[in-house]
Structure formats: structure tokens, C-alpha cells
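Only one structure is covered here, and it is reproduced in the block below.
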Amino acid sequence: MELIGMGASPGIIEGKVFIVDNLQQDAAEMEYGQILVMRFSTPAYFEFFIKASAIITETGGITCHAASLARDLNIPCVVSVDQILAKVKDNDIVTVDGNNGVIYV
Amino acid sequence: MSEQVDKFIEVMALNLEVRSRLPATDVWPNPLADITLANDISGNHILGLLEEIFESIDKIEQIAKIFKRPARLVYLMYLFTLKPSNTEMASRRVRLAEKMISAISFMRNGDPFIEKGQNRIYNDNAIFDLVHFERNLTIDHLTTLRKILVALATLNEYSYFAWVGLGREFHGLYEYNGMKLFVRDYYDLNPDFWDYKKGFAY
């Protein structure tokens, strides 16, 4: 399955999904190198960001918070992927193509 | 004023209600960080404080020391979108704006509006120190440096919400021995108005 969004930070990487959808989740549950999937980002997700090998968000544009942090971290990021939280679940293997804004599930 | 306070409380209550809901479906930045709302609530008061500071301190070097970086003053110039209530207030604000621009100009080495396309704040000595430090870094440090950069940006957002210009200044380009430097400067990440930071080591 191909999911289309907007490429916000370049690079291609494959990994296991880790979904963050509330502010009380514990970053200790996330392994280094997982693909961070979220509706949108806030500074509260810092500990998740630094473990991620790529970031996918359901909302936002190429200047959004997640996109900017992904570029700082030099990891791929695809934003504005419609209904991503409903289409993937934790530990799904996905490939993030930040160059073209595509997610392969 | 009471209407504005009512508005502030209404927005804050709504915001807290939304923020307390899980899963988080609200937006960032926090609506309370809207600078125009802050203008409505306390803009005139802040302008009064700025007038006091600029009236009581003659030396521009001291002003620069208080505000630390020009972006802070630039941010505060949003306050001038407030309409003065009479001509006397209008002329006071013009005087204040002129002084603020003078201070910005001093901090930006004579180019307050960055018309030359470069925001130069550091002098040659500071650039020398920076370059000397950077030369000790290797490619192995890059990943850690990137994480530190994200940590600094995040802490800045926690400290100042959407007013991120109050805690950071991006400046440059500087040239040194054929190199070009752009500085992302987070200079005040422990403001004393946040209790939770009192235990921080820095």
C-alpha cells in the first residue's frame, strides 16, 4: 500500500512504526530507530524525536514543527499523510520516502 | 480592560479543556501564545515598562546588555500595532520606537533592518572563539550535535511558547579564513520566571 503525503525532509528509510497519539505516552517504550507516527508534533514529544529514524505526521506542511525538527536531525519526514493513524499500527514495517513524500506499508 | 481579561480567561479555560483531552487532537502552538492576544491583554502595560527602561537608561550599551539580542527588541515592536489613545501617547511611542531602533542598530552593527542581507552580531574575537571550538569537532559529533540542536529548539519553545524569538537569535553570515558561518544562538534558556527551571544545572 502506498500512502501519499508531502516530503518535508529528504532520505529513504525502512523501520518499525511507533505511534504517539497522546501526551502521556512513555518514550521508554520506543526503541531507537523506529518510525515515529503522529497526528502532529509539539515540543512535548522531544524524547520520541531523538529516538526516531523518520517522522510521519497526519497534518502539517513543510514548515511545520515536525518537519523542521526532522531536518535538524537529518532524518526523513513525510507530513500531511491522510488518516495515517488509521492505516498503520505499532510495529508495522514501513518505508518512508522523504524525497517524494510517499510511505510504503 | 475587564472585557479583555474576560476574553483571556475564556480562551485559557477553553485551551485547558482542549489540552486535557486525550488523545491529543488539538493544535500547536498553544492559542495562549498568540502574540496579538497578549497585545490586547497587556500590550499597553508592557509599552509603559519599555518607556520606563528607555527613559531611565541613557547608555545604549546598557540597553543592549538588558535585552541581550536584537531579535528580542524586534519581537517587542509588535506592540506598536496597538493604537495610541491620544496624540501625546502617539508621540511618546514614536520616541520609544526610535530608541528601540537605535538599540537594534547598535546590536546589529549599524544595520537594524538587515538591509545588507546579513545579521551580524558577533565581533571578530567571538567568531575566532567559535571557529576554534568548531575545529575540535569531528564527524562523530554530528549526530549528538543535531540532537542538542533539537533539544535547544524544544526548550526554547517550552520557555517562550510561540514567542521563540525571545530566546534565540539566528545570525550571520560571518566569514573567517574563507569559511562561512551561520550561528543558531540559543542564549537565554533559563528565564527566572519559570519555577521548574530553578533546579537546572545551567
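Couple of notes before you dig in:
- Checking each residue in the stretch A:7-31 for being within 11 Å of another protein chain (Cβ to nearest Cβ) and surrounded by fewer than 16 Cβ atoms within 10 Å (Cβ to Cβ) picks out A:D21, A:N22, A:L23, A:Q24.
- B:I139 meets each of the listed conditions (1) within 14 Å of chain A (Cβ to nearest Cβ); (2) surrounded by 11 or more Cβ atoms within 10 Å (Cβ to Cβ) apart from (2).
- Matching entry among B:S56, B:S42 (being out of contact with any strand residue (DSSP E or B) (no Cβ under 8 Å at 6 or more places or on another chain) and more than 24 Å from B:W163 (Cα to Cα)): B:S56
- Of the candidates B:R93, B:R146, B:R184, B:R168, the single residue that is assigned by TED's automatic domain parsing to the domain that holds B:E51 and not polar (S, T, N, Q) is B:R93.
- Tally, over the stretch A:47-72, of residues that are touching a residue at least 60 places away in the same chain (Cβ under 8 Å) and either away from chain B (no Cβ under 12 Å) or of a type in the set (A, V, I, L, M) (or both): 1
- Conditions (1) of a type in the set (A, V, I, L, M, F, W, C); (2) within 14 Å of another protein chain (Cβ to nearest Cβ); (3) surrounded by 19 or more Cβ atoms within 10 Å (Cβ to Cβ): number failed by A:I35: (2)
- Considering B:T154, B:T144, the condition of being without any contact (Cβ under 8 Å) to a residue 40 or more places away in the chain, within 14 Å of chain A (Cβ to nearest Cβ), touching a Pro at 6+ places or on another chain (Cβ under 7 Å) and not basic (K, R) is satisfied by B:T154 alone.
- Filtering B:L137, B:L76 for residues that are among the hydrophobic types (A, V, I, L, M, F, W, C), touching a Leu at 6+ places or on another chain (Cβ under 9 Å) and assigned by TED's automatic domain parsing to the domain that holds B:I41 leaves a single hit, B:L76.
- Residue within the stretch A:34-48 that is among the hydroxyl-bearing types (S, T, Y), farther than 26 Å from B:T144 by Cβ and touching a strand residue (DSSP E or B) at 6+ places or on another chain (Cβ under 8 Å) present: no
- Counting the residues of the stretch B:167-202 that are part of a helix (DSSP H, G or I) and either within 17 Å of A:L69 (Cα to Cα) or touching a Leu at 6+ places or on another chain (Cβ under 9 Å) (or both) gives 1.
- If you go through the stretch A:1-49 and keep only what is closer than 21 Å to A:G101 by Cβ, assigned to a loop (DSSP other than H, G, I, E, B) and more than 13 Å from the chain's Cα centre (by Cα), you end up with just A:M1.
The values are calculated or read from the model by the stated rules, or taken from the named source; none is laboratory data. Please read these numbers as outputs of a predicted model, since none were measured by experiment. As a convention, Cβ positions derive from the backbone with ideal geometry for all residues, glycine included, and neighbour counts pool all protein chains shown.
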